[in-house]
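Colleague: Supplied in C-alpha cells, the structure appears directly below.
The values are calculated or read from the model by the stated rules, or taken from the named source; none is laboratory data. Not measured: the values here are computed from a predicted model. Ideal geometry is used to build each Cβ from the backbone, glycine not excepted, and the neighbour counts take in all protein chains shown.
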Ligand SMILES: Nc1ncnc2c1ncn2[C@@H]1O[C@H](COP(=O)(O)OP(=O)(O)OP(=O)(O)O)[C@@H](O)[C@H]1O
Ligand SMILES: [Mg+2]
C-alpha cells in the first residue's frame, strides 16, 4: 500500500509554477530518496504533504487521507524534520524536543535520552547557542524519538559531521527495520545510496526518474574500463558507446546497458588484459539526468529560481565528463 | 583595512533596504510636525488667546507631564513649541531606536551581518553605518522642524535651537539603541531595552517638570527641552546632548570589542534539559514565549501609571492657584481631576495597544522564521496554535491595562487621600479594553488574510494616537476622529459608562478574529 501517493501535483506561487505535474509514490515500509537540484521543488512538495501549503492542482494522498483537509489527524502518524531548523531563542533544546513530543502525544523519555547520547547533543543550550548541525540534531532527536509510522525528512543531515551522519544512517536503518516509512530529501547522494530502497528524481517541478536504484541503473549506462592487447581504437564507432578516455591500449567508456554485450565481445576480439565495469553510481545517474539533456530543461529563468545558481556547479562536472580524463575512479 | 572599511557601502545598502520604511518615518513625522505648527498659528493668533493658553494649559499638570516645561507660553512661539514637543520628541526617539536596531542587532540575529562582514568590511562598519543612517534621519527631522517654524515666521534663532533640541534627542537615542544592540542578543530585546531607557528618561523629565525640580536634569529629554526656545534660548543644553550621544556611540563601539559576534554582552544561560509539565500545549508555548514581553510591559505600564497618578494632587493645586482655570472648569461643570484622569486613561490605553499589536505581530514572525513548521506538523492545528497565542495576547492586554490603571489609581488615591480613585482608574482603564482588543483583532484579521500589510497596523495606531491626542488641535473632521475606536469608548470618569459602544466594539473585535481564523485556515504559510 502506498503511504504517499502524489499524481500530477501542481503548485503555483503567484505566476510562478514551482511544481508542474509532479508524481511521487512512497510505499509502506520503504526508505524513499527524494532528489533534485536546488529549487526543483522538494521542500514545496513536502510542505504540501504537511498541509502547510495548499496544492494548486493534482492528487495528493497521505496515509490514506487528504494532507490539507485531514492535517491534524494525519499528523498523529508522522514526524517531520525541516531542512533549516529554527529554534525558539527562549527554549532549550531539551524543551523543544519534549514540547514537540507532547504535542504529537507520544513521549518516550528513555528513547529520547538514548538518542541524545547517540547524537552527543547537550539538551541544555538555548536556541542560537546551538551550531547549525546541533540545531538539526535537536529536530532529529525530536523526530526519531517518536514512534510515528512516517518520517518526512527534508535534508536532515546537511549540517551533520561524518560521525553524526553515520549515527543518522544507523537510526534510519532501525526505523526501516521496524517497518516504518521514510521520505528522505537529500543532496548527499552517498547517504541516499546507502539508505534508500527507491528514489524519485525531480527537476523543475516534475518527476524525471523514479524507481529502485537497480531499476535506474539498469535503464542507464555502465562504466567500462579496459586494457586490451590490440588498441581498441574504433570502439567509439559502436552503437551506444561514449568514449571518455582512450590512450594506447587503455580505454574508459560509458555504454548503454542494452549494448553492453556488443562492447564486451568487441573488446574480447582485441584480447582483454584487464576489465573493470561498474554500474553508474547515483551521483553519475543524477548528473546524467541534469547534465546530458540541457535542451530538455524548460526555458530557464534564472531570475525566477534563485536556487538554480547552485545547479550550475552541479552541472559543470557533468558537462565536462566526456573529456574528463582523471575522474575514472569516482566511487 | 580599518575598523570602518566599507561603512558607506553599508549605508547605501541600508538606504536601499529602507526605501519604504525611511520615507514613511520621515514623511509622517515631518507631516505631523508641520501640520501641528500650522494649526497652532491659526488657533492662538491673538494676545488674548495666548494669555488664556498660558493661564489654562500652562497650569495643567497633565500637559506639562506630557509636553514639557511651560516656557514662554504667553507667546505664539512658546505655544508652538509646547504643542509640538511631545509628538516630535517621542516620535524622533522611536524612529532612531527602530532604525538603529533594525540595522544592527536585528540583522546580526538574522545572520545577514555575517554575510556582509565576511566581505571586505571593518569590524565596526555596520555599527557606524546604522549610526550614520539614524543620525542623518534625525537631522532631517530636526531640519524639518526649523523649516516648519520659519515658514510661519517664527524667530530664526529660537526655531533653530528647538530644531536642534529635537534632532539631538534623535542622536541620543541612536546612541542608546546602539548600546542596547550590543548588550542583548535579540533585536526585540534591544528595542525593549532602548524603549525602557526612553520611558525612564520621559518619566524623569515629566516628574521633574511637574514638580519643577532638578530631576529633569537627570534626563536627556530634560536637557533637550531645557533649551527654552522663545524665552531667550539657551544653547548649552544641546552640548550636553551631543556629548552624551557621542559618548554612547563610542561606548557601543567599545562594546563590540568585548563580545562575540552573534552573542550579547551577557552570555546566555543554559536552560533546563527537559520541559516542565506546563510546556506541553500551544497555549503553554505561547505563554512561555511571551512571558518576558508581558512581564516587561506590566512593570513598565505600572510605572507609567504611577508617574501619572503621583502628580494628581498637583493638578488640584494648580487649579486652586489659577483663577482662569477655575473659571473654565466651574463653567463647564467638569471636575479638573476627572478631566486629568480621562486624558491619562486614554494615553495608557493607547500605549497598552503597543503590547497587543506587538504580541499579535509575533505570530507572523513565528511563521516567517519557520519556527511554526515543526509545531504545525504535529496534530496541533493552525487554529489551535493561533488561538493559544491570542489567548495570551488578550489576557496579557487585560493584565497590562489593569496594571496601568492600578498604578495610576493607587498613587492618585494616596496623593488625593481618596480610595475611590483606585476603582475609578482601574475601571476607567478597562473601559478601553474593547477598543484595544479591536485594534488587536484587526491586526489578526490582516495576519490571516493579507499578512503583507500587517506592519501597517503600527501606522494605524499612530493615526489613532493623532486622532485622540491632536485631533482637536489639527481640527480633524469628526468622521476621521470617529474612525478611531478610542473615540468611541466613553471617557470615564468624565462621562457616564455606557455599554452599547463597548459591546459593539467587542463584537467587531470578535468578528475580526473570526475572519482572521477563517482566512488563516485557507492560505499558504510563508515559504522561503
Ligand atoms: N513563496 C514562494 N513564492 C515564489 N516562489 C517560491 C515560493 N516558495 C518557493 N518558491 C520557488 O519554488 C521553487 C521550489 O522551491 P523548493 O524550496 O521546493 O526547492 P527545493 O527542491 O527544496 O530546493 P533546495 O534543494 O534548494 O532545498 C524554487 O524555485 C523557489 O524559488
Ligand atoms: Mg529544500
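Colleague: Among the residues of the range B:476-485, is any within 18 Å of residue B:342 (Cβ to Cβ) and either touching a residue at least 60 places away in the same chain (Cβ under 8 Å) or touching a strand residue (DSSP E or B) at 6+ places or on another chain (Cβ under 8 Å) (or both)? Show your work before the answer.
Modeller: First pass over the range B:476-485, keeping only residues within 18 Å of residue B:342 (Cβ to Cβ): B:481-482, B:484-485.
With the extra rule that they be either touching a residue at least 60 places away in the same chain (Cβ under 8 Å) or touching a strand residue (DSSP E or B) at 6+ places or on another chain (Cβ under 8 Å) (or both), the set shrinks to none.
There is no residue in the range B:476-485 that is within 18 Å of residue B:342 (Cβ to Cβ) and either touching a residue at least 60 places away in the same chain (Cβ under 8 Å) or touching a strand residue (DSSP E or B) at 6+ places or on another chain (Cβ under 8 Å) (or both).
Colleague: Okay, moving on. Go through the range A:80-98 and give me each residue that's more than 7 Å from chain B (Cβ to nearest Cβ) and surrounded by fewer than 23 Cβ atoms within 10 Å (Cβ to Cβ).
Modeller: Passing the criteria: only A:83.
Colleague: Take residues that are within 16 Å of ligand 2 (Cβ to nearest atom), more than 23 Å from residue A:178 (Cα to Cα) and in the same structural domain as residue A:209 (by TED's automatic domain parsing) and tell me which of the helices (runs of 4 or more DSSP H) falling wholly in the range A:1-114 contain 3 or more. Spell out how you get there, then give the answer.
Modeller: Values: elements: A:42-49, A:71-74, A:93-104.
In the range A:1-114, A:42-49 are the helices (runs of 4 or more DSSP H) which contain 3 or more residues that are within 16 Å of ligand 2 (Cβ to nearest atom), more than 23 Å from residue A:178 (Cα to Cα) and in the same structural domain as residue A:209 (by TED's automatic domain parsing).
Colleague: Let me ask something else. Take residue A:36 and decide whether it is in contact (Cβ under 8 Å) with a residue 12 or more places away in the chain, more than 14 Å from chain B (Cβ to nearest Cβ), crowded, with 23+ Cβ neighbours inside 10 Å and farther than 17 Å from residue B:371 by Cα.
Modeller: Working: in contact (Cβ under 8 Å) with a residue 12 or more places away in the chain: yes; more than 14 Å from chain B (Cβ to nearest Cβ): yes; crowded, with 23+ Cβ neighbours inside 10 Å: yes; farther than 17 Å from residue B:371 by Cα: yes.
It is true that residue A:36 is in contact (Cβ under 8 Å) with a residue 12 or more places away in the chain, more than 14 Å from chain B (Cβ to nearest Cβ), crowded, with 23+ Cβ neighbours inside 10 Å and farther than 17 Å from residue B:371 by Cα.
Colleague: For residue A:205, which of the numbered conditions (1) within 26 Å of residue A:100 (Cα to Cα); (2) within 16 Å of ligand 2 (Cβ to nearest atom) fails to hold?
Modeller: Of the numbered conditions (1) within 26 Å of residue A:100 (Cα to Cα); (2) within 16 Å of ligand 2 (Cβ to nearest atom), the odd one out for residue A:205 is (1).
Colleague: How about the range B:143-250: which helices (runs of 4 or more DSSP H) wholly inside it have at least 3 residues that are closer than 30 Å to residue B:361 by Cα? Reasoning before the result, please.
Modeller: Details: elements: B:156-183, B:187-210, B:220-225.
In the range B:143-250, the matching helices (runs of 4 or more DSSP H) lie at B:156-183, B:187-210.
Colleague: Quick check on this structure: which one of A:25, A:45 is under 17 Å from residue A:78 (Cα atoms), within 14 Å of ligand 1 (Cβ to nearest atom) and within 16 Å of the chain's Cα centre (by Cα)?
Modeller: Details: A:25 fails: within 14 Å of ligand 1 (Cβ to nearest atom).
Only one candidate passes the filter, namely A:45.
Colleague: Based on what the data block shows, is residue B:525 more than 16 Å from ligand 2 (Cβ to nearest atom) and on the phi < 0 side of the Ramachandran plot? Break it down stepwise before answering.
Modeller: Working: more than 16 Å from ligand 2 (Cβ to nearest atom): no; on the phi < 0 side of the Ramachandran plot: yes.
Here the answer is no, as residue B:525 does not meet what is asked.
Colleague: For the range A:226-331, which fully contained helices (runs of 4 or more DSSP H) count at least 3 residues that are away from ligand 1 (no atom under 16 Å from the Cβ), modelled with pLDDT of 50 or more and closer than 26 Å to residue A:38 by Cβ? Step through it out loud before you land on a result.
Modeller: Numbers: elements: A:260-269, A:282-291, A:308-320.
Result: A:282-291.
Colleague: Considering only the range A:99-121, how many residues are touching a helix residue (DSSP H, G or I) at 6+ places or on another chain (Cβ under 8 Å) and within 8 Å of another protein chain (Cβ to nearest Cβ)?
Modeller: 5
Colleague: Of the residues B:391, B:375, B:401, B:430, which is surrounded by fewer than 23 Cβ atoms within 10 Å (Cβ to Cβ) and within 26 Å of residue B:207 (Cα to Cα)? Give the steps one after another, and end with the answer.
Modeller: Values: B:391 fails: within 26 Å of residue B:207 (Cα to Cα); B:375 fails: within 26 Å of residue B:207 (Cα to Cα); B:401 fails: surrounded by fewer than 23 Cβ atoms within 10 Å (Cβ to Cβ).
The unique qualifying residue is B:430.
Colleague: Kindly indicate whether any position in the range B:161-178 is assigned by TED's automatic domain parsing to the domain that holds residue B:107 and without any contact (Cβ under 8 Å) to a residue 40 or more places away in the chain.
Modeller: Yes, the range B:161-178 contains a residue that is assigned by TED's automatic domain parsing to the domain that holds residue B:107 and without any contact (Cβ under 8 Å) to a residue 40 or more places away in the chain.
Colleague: Still on this structure: Looking at this structure, is residue A:153 within 14 Å of another protein chain (Cβ to nearest Cβ), closer than 23 Å to residue A:282 by Cα and either outside any helix (DSSP H, G or I) or within 16 Å of ligand 2 (Cβ to nearest atom) (or both)?
Modeller: Working: within 14 Å of another protein chain (Cβ to nearest Cβ): yes; closer than 23 Å to residue A:282 by Cα: yes; either outside any helix (DSSP H, G or I) or within 16 Å of ligand 2 (Cβ to nearest atom) (or both): yes.
When the stated conditions are applied, residue A:153 passes them.
Colleague: Can you name the number of the only condition in (1) surrounded by fewer than 23 Cβ atoms within 10 Å (Cβ to Cβ); (2) assigned to a helix (DSSP H, G or I); (3) more than 7 Å from chain B (Cβ to nearest Cβ); (4) in contact (Cβ under 8 Å) with a residue 24 or more places away in the chain that residue A:128 fails?
Modeller: (3)
Colleague: Please determine whether any residue of the range A:59-79 is within 16 Å of ligand 1 (Cβ to nearest atom), more than 11 Å from every other protein chain (Cβ to nearest Cβ) and surrounded by fewer than 24 Cβ atoms within 10 Å (Cβ to Cβ).
Modeller: Here is the first cut: in the range A:59-79, the ones within 16 Å of ligand 1 (Cβ to nearest atom) are A:60, A:67.
Next, only the ones that are more than 11 Å from every other protein chain (Cβ to nearest Cβ) stay: A:60.
Those still in the list that are surrounded by fewer than 24 Cβ atoms within 10 Å (Cβ to Cβ) too: A:60.
Within the range A:59-79, one or more residues are within 16 Å of ligand 1 (Cβ to nearest atom), more than 11 Å from every other protein chain (Cβ to nearest Cβ) and surrounded by fewer than 24 Cβ atoms within 10 Å (Cβ to Cβ).
Colleague: Just wondering, is there one or more residues in the range B:139-161 that are farther than 24 Å from residue B:229 by Cβ and modelled with pLDDT of 95 or more?
Modeller: Just the residues of the range B:139-161 that are farther than 24 Å from residue B:229 by Cβ, to begin with: none.
No, every residue in the range B:139-161 fails to be farther than 24 Å from residue B:229 by Cβ and modelled with pLDDT of 95 or more.
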